[in-house]
Structures are given as C-alpha cells and as structure tokens.
Amino acid sequence: MTPEDIGRRLEDAAQLAFPEGGAGDRAAAQRAEAAILGDLRPVNPMAPDWLHALILVLWFVAAAVDSASFLGMEGLRALGNGQAALIFAALLSAGWLGAVACARLMRPATGRNLGPTAWVLACSLVAVVFAILFHGYDTAHFVQDGIPCLRAGLFIATPTGLVIGLLLRRGLVLNWGAAGLAAGTVAGLAGLGMLELHCPNLKAVHVLVWHVAVVAVSGGLGFALGRMSGEFE
C-alpha cells in the first residue's frame, strides 16, 4: 500500500464517518473503524535484512562466476594468487556493502541510506587495489581493447540488475533513485567480477578505466532507471 492509497482510505473513512449534516457519535466512529480495518488482511513478515543481503551477494557472485566460466577463465590464470585474493576480497567487501544498502532500502526507517556510499566506495576501492597491483600506462590499443570489456561487463550487469530490482519490489522502497543506485552497484560488481576472471589484460590503465567503468556506469544507469520507475509508482 502506497502513501497515496492510505490517504485515499482515510478520506473515504472520513466521508463515511461524518457525512454531510451528520453527527460525530459512537456509530460514526464505528463506521470509520470498519472502513479502515474492514478489508485489511495479515501479511507475511519480510525476511531480515541480512538474509536479503546474503541472497544478493550470492546472486552477484553466481552471475560473475557462471558468465566467466562460459567465456573462459583467462583472467584468473593470468593473476597471481596474492593478486587474485586481494582483488576478490575487495569485490566481495564492496558487494556486501551494496547488498546491505539494497536490503535497507526495502524496509523504511531501517537506517542511513548507503546507496551513494556503496557506489563511491566500490569504484574507489577497486581502483586503489588495481593501482597498487598493476603497472603499465601506455595507451596503445586503449580504446580497441577497452570497449569490448566495457560492453561485456555491462552485458552481465544488466540482467543481474533486473533480478535485483525484482527482489527490491518485494519490500516497500520509498526512494527508488537510491535503490537503483545500490542495485546498479551490485550488478556492476558482477560484471567487474566476470572481467577479472575472464580478461587477461593486466595493464593498469586498462583495468582502472574500462573495468572500473562497468561499476560506475551500471550504478548511474540504475539510479536513472530507479528514478524513472519511482515516478510511475
């Protein structure tokens, strides 16, 4: 039930309880109570936030691993063990924060809106990790090598984000712009995770721009689509 639905219910109840020329007696109060409560039905309680967050993390990991398994794991084979551990720890940490942001937005008044924080931190954290681990800033074949990665990452992020959006609709989202930003961040991390497993190009300039751009663009698109969705609620 939306705030507009509640407002209409209250207006209808007021008209039933206090019709033109009527008196506000006990019978009128009973009519108002019946108008408000008569068709209300119990609903199943929502799952706790941590469970929604866990489901979203498992979904983004599954999307990344399954798609990379299909495309090939050349990127994972190119990484050293230490590099892989640090990169995927950063991705999981950012993904958990984005999932918590989504779960919070499903339930009003559950705490601070973490959507913008998750988006900024996800982009910043993986960029810092890439800058520490990788070298190579020459721009030979920069665009030719980069566009396919950006396209592939967004191709994985799109269906991942749509599924997250369906889960968000099981709650009561009041700020769809923030929800879209958080969902787009998690979806973008799925695309980025796929690229780290699949793409063997370890040049710093490549991963810092094109791989991180998947999260940045996905979050921005999620925000825009969320705002548009909220206008039609």
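Things to note:
- Over the stretch 49-231, relative contact order from alpha-carbon pairs under 8 Å, at least 6 apart, %: 34
- Peptide packing for 203-212, 131-140, 186-195 was compared via the average number of neighbouring C-beta atoms within 10 Å per residue; ordered from the highest value, the list is 186-195, 203-212, 131-140.
- Relative packing of 91-104, 146-159, which averages over residues the other C-beta atoms within 10 Å, highest first: 91-104, 146-159
Computed from the coordinates by the stated procedures, all read-outs in this text should not be read as laboratory data. All values reported here derive from a predicted model rather than from experimental measurement. In this analysis, Cβ positions are derived from the backbone assuming ideal geometry, glycine residues included, and neighbour counts consider all displayed protein chains.
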